[in-house]
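Right, one structure below, let's go through it.
The values are calculated or read from the model by the stated rules, or taken from the named source; none is laboratory data. Since the model is a prediction, treat every value here as computed from it, not as a measurement. All Cβ positions, glycine included, derive from the backbone under ideal geometry; neighbour counts span all protein chains shown.
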Amino acid sequence: MRWRMMGQDADLGKRSNREAMEEWIDRFTEHLASVRGASIHTIRAYAEDLAQFAAFGREQGVLTPGRVDAPLLRAFIADLTTDKGLARASVARKAASLRAFFRFLVRRGAVERSPAQNIVTPRQKPALPKAIGEDAVTALLYAPDSSTPDGLRDRAILETLYASGLRAGELVALETTDVSFTSLEEGTVRVRQGKGGKERIALLGRSAVAALKEYQEKGRPIQQSAAKKPVPALFLNRFGGRLSDRGVRRLFDKYCLTVSESHKVTPHTLRHSFATHLLDHGADLRVVQELLGHADLATTQIYTHVSVKRLKDVYNSAHPAASHDKIEPTPAPNP
């Protein structure tokens, strides 16, 4: 059923005000899934952001979308920034969720105009992606104990993430049929649930192929035996079920101290390292864009700044003319 809100709370019939806000949030998330093809992670983020705003609105006595105005939205942003102390990126994401939600409400006729259109959020400082060095990656890859089924799985996960640049959500969605070994040293991964519902093919190198084969032959069958029925997922937990996104992050928490005590190493750190190391070794930017599954080249270009910074560091430390120490010129010989 579709209706149009006129004024503040028009024609809601016998529906309660609380049901109205929650119902529209439900409709919006259903729209994201069925029409926009958004991933489950994106939908969950929108739902959490909007539920937080709905709770804030109830505290202010605003229970329906039609009563939301710009001052309420500004108060919500201020509460997130000042009282809750959220990072600028988190506040910006919640503001983006509100803008998308109210655009949806305008299209559906639930409100006449969007009060979120001109929301101002704190300016974000451009952040370069964190990447770890090649030696640190090697240490991380060899951290798992390959004498156990879980260790074989963990090694295969780390090798796959670094070889392919997959996101954690893309990794746990893989099934056994998505992996193909084209030779003893090469393979591919079919990413069916990429960001934005896009499908792509990711590549695997020799080390990842070897680790995956060993896990599939020696580790996965033991994990599978713990399940009541076969599971098509490529990576399994100790109960024989599909490994979760959270399970992958716990895996990184376990091994990250092997690599760095200065910052937390996450699945996305390996994705950043994958892109940065490719560019460091001369890969074409558009090739890296395809491998990462970025729709916009501008998203990939941020990695070039990381590589340029590294080049400058090497130049400044190695080139005599770039040294901070004054170099006295050699006097010319007398004629």
TODO: Output the qualifying pairs, or none if there are none: Cβ atoms under 6 angstrom, residues six or more apart or on different chains, first residue in the stretch 235-248 and at positive phi, second residue at pLDDT 95 or above and among the hydroxyl-bearing types (Ser, Thr, Tyr).
DONE: none
TODO: Among residues belonging to the stretch 68-92 that are among the β-branched types (Val, Ile, Thr) and assigned to a helix (DSSP H, G or I), point out the one that is surrounded by the fewest Cβ atoms within 10 Å (Cβ to Cβ).
DONE: THR82
Task: Residues being over 24 Å from ASN118 (Cβ atoms) and at pLDDT 90 or above - total across the stretch 28-46 - done: 4
Open item on the list: When you check LEU257 against the structure, is it within 14 Å of LEU270 (Cβ to Cβ) and surrounded by fewer than 22 Cβ atoms within 10 Å (Cβ to Cβ), yes or no?
Closed with: no
- [ ] Would you check which residues across the stretch 132-190 are within 18 Å of SER244 (Cα to Cα) and of a type in the set (Asp, Glu) and list them?
- [x] ASP150, ASP154, GLU159, GLU170, GLU175, ASP178
Task: Residues located in the stretch 158-185, provided they are in a helix (DSSP H, G or I), under 16 Å from ILE40 (Cα atoms) and among the small types (Gly, Ala, Ser) - done: ALA168, GLY169
TODO: Would you check if ALA226 is closer than 18 Å to THR266 by Cβ and among the small types (Gly, Ala, Ser)?
DONE: no
Task: Failed item, numbered, when ARG99 is tested on (1) surrounded by fewer than 21 Cβ atoms within 10 Å (Cβ to Cβ); (2) more than 19 Å from THR29 (Cα to Cα); (3) not aliphatic (A, V, I, L, M) - done: (2)
TODO: For ALA202, indicate whether it is on the phi < 0 side of the Ramachandran plot, in contact (Cβ under 8 Å) with a residue 60 or more places away in the chain and of a type in the set (A, V, I, L, M).
DONE: yes
Task: Pair list, Cβ under 6 Å, 6 or more apart: the stretch 69-92 residue farther than 15 Å from LEU50 by Cβ, other residue charged (D, E, K, R) and loosely packed, with under 14 Cβ neighbours inside 10 Å - done: none
Open item on the list: On the basis of being assigned to a helix (DSSP H, G or I), free of Cβ contacts under 8 Å to residues at least 24 places away in the same chain, among the basic types (Lys, Arg) and over 30 Å from ARG190 (Cβ atoms), does ARG99 make the cut?
Closed with: yes
